[in-house]
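Worksheet for the structure shown next.
The values are calculated or read from the model by the stated rules, or taken from the named source; none is laboratory data. Fair warning: this is a prediction, and the values are worked out from it, not measured in the lab. Cβ: placed from backbone, ideal geometry, glycine included. Neighbour counts: every protein chain shown. Protein only, heavy atoms only, side chains kept; ligands, DNA and RNA dropped before computing areas. Shrake-Rupley method; radii C 1.70, N 1.55, O 1.52, S 1.80 Å.
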Amino acid sequence: MLRNKVAVVTGGTRGIGLEIVRTFKENHAEVILFGSKEETVNKAIEILKNEGYEVSGYYPNLNNYEEIKNTIDDIIKRYGHIDILVNNAGISANKKIEETTSEDFSKIMNINVNAIFNVTKAVVPYMKKNKGGVILNTSSMVSIYGQPSGVGYPASKFAVNGLTKSLSRELAPFNIRVNAVAPGVTKTDMIATLPEEQIKPIIQSIPMGRIGEPKDVANAFLFLASDMASYVTGNILSVDGAARS
Ligand code: NAD
């Protein structure tokens, strides 16, 4: 589904992002993954190599526009174009507001929102030049209903939806589609850190009776990245087993 496409996936070293990279490779894309540090990037490249997939990786500081711009320019020099950008890197929070510092709040907005702005800003001119592209953002089911703690996380994901919907309208005339996927609870390291007493009631509240697998989510990204979704833009696609609260 992605033959001849070049895709950049941020937060591609583990969890949902790693599964997106794997799924895109299975569908014959050229994939460049971004991670937060050299070791984790190399580890992901090694995992994929053992599965028979060649990918390259970078670890720019996602809050430094100049560093990102240089990285994107380098990718363009090596691959010629970027057809798909997946802004997936993210961190979560679950502290009550009294325990949340303003630094905690800024940190989450920096990774979950400002980083999307920075990477997208660096990629869009090349997509315009190439007369098209696809930008996909990882949102969350909490972007629809909020959550009862860790306010920075849902606030950041509401912002992701705002970026998605607004950019879809700004970039539609340039044949650039912008969508987001809003996963429900998905089996990754992010969830592994949650205490058992928090996970159990979550599973009980999911009508499909299970938490999501990274593949459930990656397949939604594959559809939106592909030409199958050629007239789909400005959407927030829920992948949550009907868990809407
Ligand atoms: P994860 O913790 O397994 O992976 C997070 C990824 O983001 C890693 O590749 C990491 O390198 C990258 N990252 C984190 N901080 C970074 C930084 N400062 N600079 C650069 N990269 C950084 O988490 P995951 O569950 O795979 O989450 C991926 C995305 O899915 C996130 O945006 C998250 O909010 C979203 N999401 C996850 C769930 C879930 O239940 N797991 C549910 C809804 C949405």
Could you compute the FRET efficiency for I97 and N64, with r as their C-beta to C-beta distance and R0 at 35 Å, rounded to 0.05?
0.75
What distance in nm separates the simple spin-label points at E170 and D73, each placed 7 Å from Cα in the Cβ direction?
2.2 nm
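Do any of K95/K215; K121/K157; K37/K200; K37/K69 go past 26 Å between their Cα atoms, and which?
Values: K95/K215 29 Å; K121/K157 19 Å; K37/K200 33 Å; K37/K69 18 Å.
Too far apart for the 26 Å limit: K95/K215; K37/K200.
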Calculate for the chain the 222 nm mean residue ellipticity that helices alone would give, adding -39,500 (n - 2.57) per DSSP H run of length 4 or more and normalising by residue count, nearest 500 deg cm²/dmol.
-14000 deg cm²/dmol
Carbon and sulfur %, accessible surface of segment 167-245 computed with the full protein complex present, 1.4 Å
56 percent
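Stokes-Einstein D for segment 59-122 at 20 °C, 1.002 mPa s, Kirkwood Rh over Cα pairs, in µm²/s? Please list the in-between numbers first.
Working: Rh = 13.2 Å.
In µm²/s, the coefficient rounds to 163.
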For the ranges 47-57, 199-209, 138-148, what's the packing order if you count other beta-carbon atoms within 10 Å of each residue, average per peptide, and put the highest first?
138-148, 47-57, 199-209
How big is the C-alpha Rg of segment 82-234 next to the rule-of-thumb value 2.2 N^0.38 Å, as a ratio?
1.10
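Computed FRET efficiency, Cβ-Cβ of K121 and E197, R0 35 Å: what is it to the nearest 0.05?
Working: r = 41 Å, r/R0 = 1.18.
FRET efficiency, K121 to E197: 0.25.
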Alpha carbon centre of segment 177-211 versus segment 1-74: separation in Å?
24 Å
Any idea of the accessible area per residue across the chain, 1.4 Å probe, to the nearest Å²?
49 Å²
